[in-house]
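Worksheet for the structure shown next.
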Amino acid sequence: MSAPSSPEGAASERPAARPLGVAAIGYAFMGKAHSQAWRNVGAYFDVPAVAQRVLVGRDAEAAAEAAARYGWAESATDWREVIARDDVDIVDICAPGWLHAEIAIAALEAGKHVLVEKPLSNTLPESEAMVAAAKSARERGIQSMVGFNYRRVPALAYARQLIADGRLGSVREVRASYLQDWLADPASPMTWRLRKETAGSGALGDIASHAIDQVQYLLSDTVSEASGRLHTFVTRRPGRDGAEEEVTVDDAAWGTLVLSGGAIASVEASRVALGRKNSLRIEVYGSEGSLAFDLERLNELDFLDASGPAAEQGFRRIVVTEPEHPYIGAWWPQGHVIGWEHTFTHQIRDFLLAVRDGTAPSPSFEDGLQVQRVLAAIEESAAAKSASVQL
Ligand SMILES: NC(=O)c1ccc[n+]([C@@H]2O[C@H](COP(=O)([O-])OP(=O)(O)OC[C@H]3O[C@@H](n4cnc5c(N)ncnc54)[C@H](O)[C@@H]3O)[C@@H](O)[C@H]2O)c1
């Protein structure tokens, strides 16, 4: 294990023999998923040793209980004190979006490598400030990454390779939909995810962000133009004290995206699509082949190769569990399928290797900002109710 190449900053002063100390901020949904990955990454991948030093949350008792359960040495309630610690080299931000910019910038300035959950932040100015902090930290050997974990689904990483290898010819169209139904019931209560000041946006930032990142990732391209529509079907919901509160974000979002290379993508996201629990589906259509992916069958990729005789054409199912498929070699024999949680282990594996090698991990904060720009363009177009917005 080698220390980062930085001449300055706390991370570079870490004695080579000491494991990288990790602090995670947030112990709920993503805190739990990331904790599992920190706990098992070293058992499956050849990465620098890590120590799960401290898990941070607002409620001392609940944070202590989560820390004990998820394998952290300690818990704390003040993230500022934690990022100042000399035995913390990596800060993993699993808190809501309104806290991302403040924590990430402070951690980078304190010389800590930063992994932050998506979306990068809630606003464009915050995201721009995060990119500036990341650039300056990178010059000191301090790395940063945003957690679009679906890039680490082996089938999607393999799909990207097929597209890059030209197996689809020239990509013409992409359909990406991310549908959930946990807000379908109008009696579902208010949470931070339903208030603009805490969530930034609704289905748009929460899950369309994943779909947009996938479109850009799969095609190795960037969106240059977008139009969109947002809608809130349930405009008032019960608040904590029982009184109704106004919902200030979208329940569902639609976007039409033009990519720099000429492909067109449609993106649809909803948190009220009854019956769809966590349905991320992506289809890519090229001049010589097509691909289809469904998160509910995440070990599979449907591939159509149009180069053969027309009479024999059709989608064929690739079971993405061969040792040569991305990430799979570390896990089980062929056909012994993996799950959603493995994407977080893969994400942390890639992050740790970048830290070890002193290289910039991907997706970078710049990639996260690019997704934010697309989200902002969809919002602007939706507000104007017609115009397509150049990025
Ligand atoms: N990659 C994915 O698939 C995925 C899935 C869900 C959520 N997310 C993202 O993860 C982030 C967190 O979402 P979540 O679902 O885990 O939210 P959550 O509400 O389940 O958990 C938020 C956590 O943040 C903690 N927190 C809040 N304020 C804090 C503060 N001031 N100091 C310390 N801790 C604080 C809370 O105690 C809680 O533990 C969001 O950015 C969200 O968009 C990503």
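The values are calculated or read from the model by the stated rules, or taken from the named source; none is laboratory data. Computed from a predicted structure; not experimentally measured. No Cβ is skipped: glycine too gets one built from the backbone with ideal geometry, and neighbour counts run over all protein chains shown. Quick note on the areas: whole protein, heavy atoms, side chains included, nothing else; ligands and nucleic acids left out. Shrake-Rupley method; radii C 1.70, N 1.55, O 1.52, S 1.80 Å.
Brief remarks follow.
- Most positive-pole-ward Cα, 337, 177, 145, against dipole of the chain from beta carbon charges: 337
- Sites residue 182 and residue 310 - FRET efficiency at Förster radius 45 Å, r taken between beta-carbons, to 0.05: 0.55
- Kirkwood-based Rg to Rh ratio, segment 10-149, C-alpha trace: 0.94
- Prolate/oblate/rounded label for the chain (Cα gyration tensor, a/c 1.5): oblate
- For segment 335-391, trypsin sites (Lys or Arg not before Pro) meeting the loop criterion (DSSP other than H, G, I, E, B) and having at most 10 other Cβ atoms within 10 Å: 385.
- Karplus (6.51, -1.76, 1.60) ³J(HN,Hα), θ = phi - 60°, over segment 136-148, in Hz, Gly and Pro reported as x: 5, 5, 4, 5, 9, x, 9, 9, 8, 7, 10, x, 7
- By the helix-only formula, in which each DSSP H run with n ≥ 4 contributes -39500 (n - 2.57) and the sum is divided by residues, the chain has a 222 nm mean residue ellipticity of -9500 deg cm²/dmol.
- Loop trypsin sites (Lys or Arg not before Pro), segment 241-319, which have at most 14 other Cβ atoms in a 10 Å radius of their Cβ (DSSP): 277
- Highest-first arrangement of 78-90, 194-206, where packing means the average Cβ count within 10 Å: 194-206, 78-90
- Among the GluC sites (Glu not before Pro) in segment 288-391, those placed in a DSSP loop whose Cβ has at most 11 other Cβ atoms within 10 Å are 324.
- Once the Cα-Cα distance is subtracted from the 0.36 nm per residue extended length, the residue 80 to residue 330 segment shows a gain of 86.4 nm.
- Taking the accessible area of segment 285-391, probe 1.4 Å, and keeping the other protein chains in place, the carbon and sulfur fraction comes to 49%.
- For segment 232-299, a/c is not less than 1.5, where a ≥ b ≥ c are the root eigenvalues of the C-alpha gyration tensor, and a/b does not top b/c. That puts it in the oblate class.
- Within straight-line reach of residue 196, meaning a Cα separation under 13 Å, sit the following aspartates and glutamates at least 8 residues removed in sequence or on another chain: 206, 245, 246, 250, 251, 379.
- On a per residue basis, segment 200-241 carries 36 Å² of accessible surface, using protein heavy atoms and a 1.4 Å probe.
- Relative intensity, log₁₀ I(q)/I(0), of segment 131-269 from a Debye sum that treats every alpha carbon as a point, q = 0.11, 0.13, 0.16, 0.19 Å⁻¹: -0.54, -0.72, -0.94, -1.11
- The accessible-area ordering, largest first, of the residues 231, 210 stands as 231, 210, per a 1.4 angstrom probe.
- Segment 286-301 and segment 19-72 have Cα centres separated by 33 Å.
- Multiplying each eigenvalue of the alpha-carbon gyration tensor of segment 232-391 by 5 and taking the square root yields semi-axes of 33, 24, 20 Å, largest first, rounded to whole angstroms.
- Percent of beta bridges antiparallel (DSSP, the chain, rounded to nearest 5): 60 percent
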